[in-house]
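Single-structure report; data block below.
The values are calculated or read from the model by the stated rules, or taken from the named source; none is laboratory data. These figures come from a predicted structure and were not determined experimentally. Please note: Cβ atoms are built from the backbone with ideal geometry, for glycine as well, and neighbour counts cover all protein chains shown.
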Amino acid sequence: MRAAARAPAGAIISACCVLAALHFGRAVLEPVALAAILSLVAAPLIRALGRLGLARLPAMLAVLLLAGACVAGTGVMLASQLVSLGAELPQYRSAIHRKAGQLLAALERPFARVKDGLNAVLPLAPGGAAAQLAQGAPAPPGAAPATAPAARDVLAHLLGLAWGPLGEAGMVLVLLMFMLLEQESLQDRLIRLTGRADVSRTVRALADAAHGVSRFFFCQFVVNTSFGVAIGVALWAAGLPHALLWGTLCGVLRFIPYVGALAAGAAIGCFAAAVDPGWRLAVSCLAMFGVLELTVAHLVEPKVYGHSTGLSPLAVVVSALFWGTLWGPVGLLISTPLTVCLVVTGRHVGALAPLAILFGQALDVTAAQRFFLRGLSGETGVIVRDAAAFLRRASFARYCDQILLPGLALAATELQLGLIDAVQQDHLRCTVAEVAESLAPSGTAPARRRHQVSLLDANVGAHLRRLREARLGRWQGPLDVPQRSIVLCTGLASERDELVSELLARALRQAGIDARSIALPLPYGEHDASRAALVCSVFVPYPLAEQLESWQQAIAGLRALLPQALLATIRLPGDKLPGPVSVIDGLVDMDLRSFEECLAFVTPQHTAG
């Protein structure tokens, strides 16, 4: 017990130490992380140039020069557009002030009404110094008049602001060059650190990380460039000046998740309001920007980024919030690549496996496991909806083979271990009954008081069969049918066998076969031996070890009553052999492994008939 309590405490302490190291080591870790991510992005380009016959150093220099040229070209274009825009701003100044006043008045109007209402109820005392200032009172004596800053001070301030980012960019560039030059050596060192037993796993993790980050940046570049072009064309068509600038600015700012798009939209709205005397241009530009942004953010990016990075859309938001809070704008910019690397590493390293499970796009959960998990929690509506989507492309027999029966096999294993309580058992029974009645109904007449039947202590298969008998009669259909046209789905009077036989009967009836379910042992009191010729095939679930003796007696009775019918067993997922196979095979004509095999076995007989 003490060891179990120490394990979570140790994990919490380790997590706190990691967070503290990330926070206080930001000045060192930020450039290293940026350089490492950029090296992963540049590595495929360098390898591509190497395959063309270029040496590593010239290939690295070519990639860096190409990237630098793209960044410099974009910067020059933006700078020229901004200079042109700055020259035109004075003529928009009056419009900006007028519309800012209109917006402020519109925003203050509701508060003014609230204030007037409060004053009518509770008159306010005369204001103090703050009220005097609000009324335009002169400043107190001795206050220094505001003076315009000197040009030298402004220049020094701008240099101070730019020195930090420029210095960090230079540091990142130096680290990137050395990482690219010694990439193979760094990879060998990382592999050596993991030990010889984990070499293949480490190599696979490094390759996956490089591939994921490269694909993410490529997809991000394509999406943001397309978005910038679309915005530029739309703004140009709307008549907004400097549409090229705003399109480029939108494409560049969208590399900063969420915040960049908001900043770009605000800038476009403000400029459009300044250019147009009215509000039509501003409203139309913001509407176009909003439609395009929402389309890309909610339709394009979740699909493109999710598949290219292996992250779920929620993981992208959470990673941006975490790294942005921890490292500021730089963390916001590299949040997704960093999380991609952690998720990829979590697929190969056990300690980081929870990250891959929580943030990964594709969960390692089968459809049968999802059925089992949702059935335990009683999410019947979700299961029925997913099953209906499955049946649009497949049959109910395949749904039982691939999802429902394997999911129930998982439930049987958990039940044997005592891990499922009574409420969860009831949820599973209700789920199975709802799925069977919704997807493979037993007849055209509606079931009466169906939801008032308690399934807590009920045999689900027997319950479903009684529903069908209430609709179709005691024999679940007419008996004036051609000979060898009925298929019997039968089993011992146990919950497992009756459920399997009833589900199989519904799967066969959905395919147009006259299938009926019945419980062993036969004969019933109302059995008519002259009707034996109506049955062509009988399907029986494979016996369990504790049922073998009673199963053999029931099969012997079936042989005596239906001597001309073909008898086949169905081996379900998770079934174990109760004894020698020859004992069971000697009593039946065929051993089948799925509902679809049963359907394939019966269909030719009915087609020939």
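Can you tell me how many residues within the stretch 459-501 are in a strand (DSSP E or B) and not small (Gly, Ala, Ser)? Before the answer, list the steps.
Taking the stretch 459-501 as the starting set, the residues that turn out to be in a strand (DSSP E or B) are 486-491.
Those still in the list that are not small (Gly, Ala, Ser) too: 486-490.
Matching residues across the stretch 459-501 total 5.
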When you look at residue 44, is it in contact with a helix residue (DSSP H, G or I) (Cβ under 8 Å, 6 or more places away or on another chain), at pLDDT 80 or above and not in a loop (DSSP other than H, G, I, E, B), yes or no?
no
Among residues of the stretch 270-285 being of a type outside the set (D, E, K, R) and either surrounded by fewer than 17 Cβ atoms within 10 Å (Cβ to Cβ) or not in a helix (DSSP H, G or I) (or both), the residue modelled with the highest pLDDT is 283
State all residues of the stretch 19-40 that are in a helix (DSSP H, G or I) and among the small types (Gly, Ala, Ser); if no residue qualifies, say none.
20, 21, 27, 33, 35, 36, 39
Can you spot a residue in the stretch 231-250 that is aromatic (Phe, Trp, Tyr) and under 30 Å from the mean Cα position of the chain (by Cα)?
no
So is residue 64 part of a helix (DSSP H, G or I) and either over 30 Å from residue 270 (Cβ atoms) or modelled with pLDDT under 80 (or both) or not?
yes
Residue 546 is checked against (1) farther than 16 Å from residue 559 by Cα; (2) in contact with a Leu (Cβ under 8 Å, 6 or more places away or on another chain); (3) of a type outside the set (A, V, I, L, M, F, W, C) and fails just one. What number does that condition carry?
(2)
Would you confirm whether any residue within the stretch 390-410 is under 22 Å from the mean Cα position of the chain (by Cα), surrounded by fewer than 18 Cβ atoms within 10 Å (Cβ to Cβ) and not in a helix (DSSP H, G or I)?
no
Take the conditions at pLDDT 85 or above, in contact with a helix residue (DSSP H, G or I) (Cβ under 6 Å, 6 or more places away or on another chain) and polar (S, T, N, Q) and apply them to residue 553. Does it pass?
no
Those residues that are buried (at least 22 other Cβ atoms within 10 Å of the Cβ) and in a strand (DSSP E or B), I need them from the stretch 529-556; list them, please.
536, 537, 538, 539, 540, 541
Out of curiosity, is residue 416 of a type in the set (S, T, N, Q) and at pLDDT 85 or above?
no
Is there a residue in the stretch 288-305 that is among the polar types (S, T, N, Q), surrounded by fewer than 19 Cβ atoms within 10 Å (Cβ to Cβ) and modelled with pLDDT under 80?
no
